[in-house]
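S.K.: Before anything else, here's the structure in question.
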Amino acid sequence: MSSPAFSQALHVLQQVFGYPAFRGLQAEIIANAIDGHDALVLMPTGGGKSLCYQIPAIVRQQQGRGLTVVVSPLIALMHDQVRALQQVGVAAQCLHSALDFAQAQSVLAQARSGQLTLLYAAPERVTSAPFQDFLAALYQRGQLALFAIDEAHCVSQWGHDFRPEYRQLALLHERFPQVPRLALTATADAVTREDIIERLQLQQAQCYVSSFDRPNICYHVVEKSDARRQLLRFIEDEHEGDAGIVYCQSRKKVEETAEWLVQNGIDALPYHAGLPADERQRHQDRFLREEGLVMTATIAFGMGIDKPDVRFVAHLDMPKNIEGYYQETGRAGRDGLPADAWMAYGLADVVNQRRMIDDPQSPASEAHRQVMRAKLDALLAMAETTECRRVHLLAYFGEHSEPCGNCDNCLFPPETWDATEAARKLLSCIWRVQQKSGIAFGAGHLIDILRGKPTPKVEQHGHAQLSTFGIGADLGERQWSTLIRQLVARDAIVADAASFNTLRLGPAAKAVLAGTQPIRLRVASEKPARGNGSLRRATPSTSSARDAQLVQLDAAARQRLQSLKAWRAEV
Ligand code: ADP
Ligand code: MG
Ligand code: ZN
């Protein structure tokens, strides 16, 4: 590439930031922004998104175009960036709620008089009336160079971290149509990408997609039996003394898990939005500063945490979709050294997530629920797959890859068996029980019937007389519960959380009963699975190998995007 924009950009990269060369798509993204076009940038965490707007900001300032405004959701994020910029001599400031009136006025005055190159602010500030007036004055003088919208997935309700204050950002296009905008995020599937472009009204936006692969992260998913104990075993076996993050769904579980880990000799701290601000800050600081601390946290913890040597991210509960899973696991191994993403997952996770989506109390529309269900199903499929997890994960983001050799399924190919016939037995058992008793029962009772166990409950309901009594004695309890979980994941069984997780036939039961949908399961041992087991690791790729993997959104992915858009228009 040899456009004037490119040589200016390279000059700034080397002279100001002291780096010899651009990484991956940076050069193209930067040149495109310098030339004044909108763009959506997807690059994994640590990929180098900041330079993608910082260099255009500097170049456009030099061209006399004025100020670049960076929208960023967290004060901590802004601070880090501003400090780093100031250190290399770039005039940058941030506006946030911790500044008093005089300080804020002083920052604004600097910006007004053309002394600033970059101004960072939170979305609610940027869209506030006074700030809009301030921007309008600059705009009239041709002194607004660029808008950069960091963590842009927050604008989409399909993303995993929707922030309503991002919604107002469409204002920027309406009020300042001549100012180019750059939206950046580390995670967005096809639906979310489309949504970002639409919500922000990006114009003829180029979409730059880097490879989502994090080759040094080894993915594994274990079947939940006693999750906490499995976690402890995993940490003790694989990560003694390492820094790690353990994600739990509820605040209560965060606290209990931290306590329990500490009791078992692991240095752990809790973090969730319900803790007092100073305590949260203290825990976060300790996590960043010390080595080998484990943070048990809700998803409130993580955005903007730039700790390079997090050696593992564990999920005790399943996230709500692949984007969330990818974002959270992406916090491991930012230094490029081997790291683990570990998740324990079971029937209760599936039921829980489904229940939250279907919750009649929630204001979500049916179309919204449908998208959420599809997104959850994609994660379930990833958790259940007997093939390479990375292939699965990357395919979700529109990327084709070969089996990785560095995930549990690649390292220890699971044995599988044809569970189609067993699935039919199970479904007919559910149906017969309900026919006979008029009510639904839970998994344990159904398994007793299938395995022909004459428990008091079986006797009491006369279920020993059913034709399905004992037809599944050939399989163990764990195999049956795995099958139940898979069928719930596939919607062939619906678990009613409101009545003790009783099981009924779901909309997809017909296809399974008809035998038109073959089902393969991994062979479950009757003993609970190991916490993890030692995994041989592949050598992580070097960063240059990773750069070589940077890809642009190819034609096939574009097509998929189109069909998704059409599908969304329908729902
Ligand atoms: P992201 O926002 O995508 O998570 P950052 O912008 O914070 O990533 O960049 C991550 C790290 O990579 C930073 O330390 C940054 O200085 C470094 N970096 C970015 N681009 C380059 C480059 N072209 N050459 C060398 N280092 C780079
Ligand atoms: Mg960033
Ligand atoms: Zn693999």
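S.K.: Using a cut-off of 13 Å between beta-carbons, work out the net charge of the residues near LYS307 (Lys and Arg +1, Asp and Glu -1, LYS307 not included).
M.R.: Values: positive: ARG286, ARG289, ARG311, ARG331, ARG334; negative: ASP80, ASP242, ASP285, GLU290, GLU291, ASP306, ASP309, ASP335.
Net charge in that neighbourhood comes out at -3.
S.K.: Also, I was wondering about something else. Can you give the % of DSSP beta bridges in the chain that are antiparallel, to the nearest 5? Can you show the working numbers first?
M.R.: Details: 8 of 56 bridges.
Among the beta bridges of the chain, antiparallel pairing accounts for roughly 15 percent.
S.K.: Do the alpha carbons of any pairs in LYS253/LYS453; LYS49/LYS252; LYS253/LYS425; LYS224/LYS436; LYS224/LYS375 sit beyond 30 Å of each other, and which pairs? Show your work: numbers first, answer last.
M.R.: On the way: LYS253/LYS453 35 Å; LYS49/LYS252 35 Å; LYS253/LYS425 36 Å; LYS224/LYS436 32 Å; LYS224/LYS375 21 Å.
In this structure, LYS253/LYS453; LYS49/LYS252; LYS253/LYS425; LYS224/LYS436 exceed 30 Å between Cα atoms.
S.K.: Students often check this: by mean Cβ neighbours within 10 Å, which of 155-167, 178-190 ranks highest, and how do the rest follow?
M.R.: On the way: 155-167: 20.4, 178-190: 24.1.
Output ranking for 155-167, 178-190: 178-190, 155-167.
S.K.: Nearest 20 debye, what's the magnitude of the dipole of the chain about its Cα centre given +1 on Lys and Arg Cβ and -1 on Asp and Glu Cβ?
M.R.: Numbers: 61 positive and 63 negative charges, 170 e Å.
Charge dipole of the chain: 820 debye, to the nearest 20.
S.K.: Provide the net charge surrounding TYR345, with neighbours chosen by a C-beta distance below 10 Å and charges set as Lys +1, Arg +1, Asp -1, Glu -1.
M.R.: Details: positive: LYS224, ARG485; negative: GLU223, ASP317, ASP349, GLU384.
Residues near TYR345 contribute -2 overall.
S.K.: If all Cα-Cα distances of the chain are sorted into 10 Å bins from 0 onward, what percent lands in each bin, rounded to whole numbers?
M.R.: Per 10 Å bin, starting at 0, the Cα pair percentages come out as 3, 16, 25, 25, 17, 9, 4, 2, 0.
S.K.: Among 225-237, 358-370, what's the highest-first ranking by average C-beta atoms within 10 angstrom per residue? Walk me through the numbers on the way to the answer.
M.R.: Details: 225-237: 18.8, 358-370: 11.0.
In decreasing order of mean packing, 225-237, 358-370 become 225-237, 358-370.
S.K.: Helix-only estimate, please: 222 nm mean residue ellipticity of the chain, summing -39500 (n - 2.57) across DSSP H runs of length 4 or more and dividing by its residues, to the nearest 500.
M.R.: Details: 25 runs with 253 residues, N = 571.
About -13000 deg cm²/dmol.
S.K.: Tell me the Kirkwood radius of the range 241-382: reciprocal of the mean inverse pair distance over distinct alpha-carbon atoms, in Å.
M.R.: Details: mean 1/r = 0.0628 Å⁻¹.
After inverting the mean inverse Cα-Cα distance, the result is 15.9 Å.
S.K.: Any chance you could give the angle, 0 to 90 degrees and rounded to 10, that helix 277-289 forms with the longest Cα principal axis of the chain?
M.R.: 90 degrees
S.K.: Next question, about the same structure. When N is the residue count of the range 108-182, what does its C-alpha Rg come to as a fraction of 2.2 N^0.38 Å? Each step should come with its number before you reach the end.
M.R.: Details: Rg = 12.8 Å, N = 75, 2.2 N^0.38 = 11.3 Å.
Cα-based Rg divided by the globular estimate yields 1.13.
S.K.: Considering only C-alpha atoms, what is the centroid distance from the range 305-344 to the range 428-452, in Å?
M.R.: Here the two parts' Cα centres lie 39 Å apart.
S.K.: Do you know the relative contact order of the chain, to the nearest whole percent, from alpha carbon pairs under 8 angstrom that are 6+ apart? Kindly include the intermediate steps, with their values, before the conclusion.
M.R.: Numbers: 972 pairs, mean separation 80.7, N = 571.
Relative contact order here is 14 percent.
S.K.: Let me ask something else. Going by C-beta contacts inside 10 Å, put TYR271, TYR139 in order with the fewest on the left. Each step should come with its number before you reach the end.
M.R.: Details: TYR271 24, TYR139 17.
Final ranking by Cβ density, sparse to dense: TYR139, TYR271.
S.K.: Kindly rank 131-137, 32-38 from highest to lowest mean number of other beta carbons found within 10 Å of each residue. Don't skip to the answer; put the middle values down first.
M.R.: On the way: 131-137: 15.6, 32-38: 20.4.
So the order, starting with the most tightly packed, is 32-38, 131-137.
S.K.: Where does each of CYS407, CYS218 land when they are ranked from fewest to most other beta-carbon atoms within 10 angstrom? Please list the in-between numbers first.
M.R.: Working: CYS407 25, CYS218 29.
By the 10 Å Cβ count, ascending, the order reads CYS407, CYS218.
S.K.: On average, how much area does the Cα convex hull of the range 380-490 cover when viewed from any direction, in nm²?
M.R.: Numbers: hull surface 32.6 nm².
Over every viewing direction, the Cα hull of the range 380-490 projects on average to 8.1 nm².
S.K.: Can you quote the Å³ per residue value for the convex hull of the Cα atoms in the range 340-439, rounded to an integer?
M.R.: Details: hull volume 16.0 nm³, N = 100.
Cα-based convex hull of the range 340-439, divided per residue, equals 160 Å³.
S.K.: Principal axes first, then extents: for the Cα atoms of the range 51-154, list largest minus smallest coordinate on each axis, whole Å, largest first.
M.R.: Result, largest extent first: 31, 28, 28 Å.
S.K.: Report the one residue of PRO177, THR455, GLN517 whose Cα lies farthest in the direction of the positive end of the charge dipole of the chain (charges on C-beta: Lys and Arg +1, Asp and Glu -1; origin at the Cα centre).
M.R.: With unit charges placed on the Cβ atoms, the residue in question is GLN517.
S.K.: Can you pull the percent of Cα pairs in the range 170-232 with separation above 14 Å? Don't skip to the answer; put the middle values down first.
M.R.: Values: 1354 of 1953 pairs.
Taking all Cα-Cα pairs of the range 170-232, the fraction more than 14 Å apart is 69 percent.
Every number in this text was worked out from the coordinates using simple rules, so none of it is lab data. A quick note: this is a predicted structure, and the numbers were derived from the prediction, not measured. Here the Cβ is made from the backbone with ideal geometry for all residues, glycine too, and neighbour counts use every protein chain on show.
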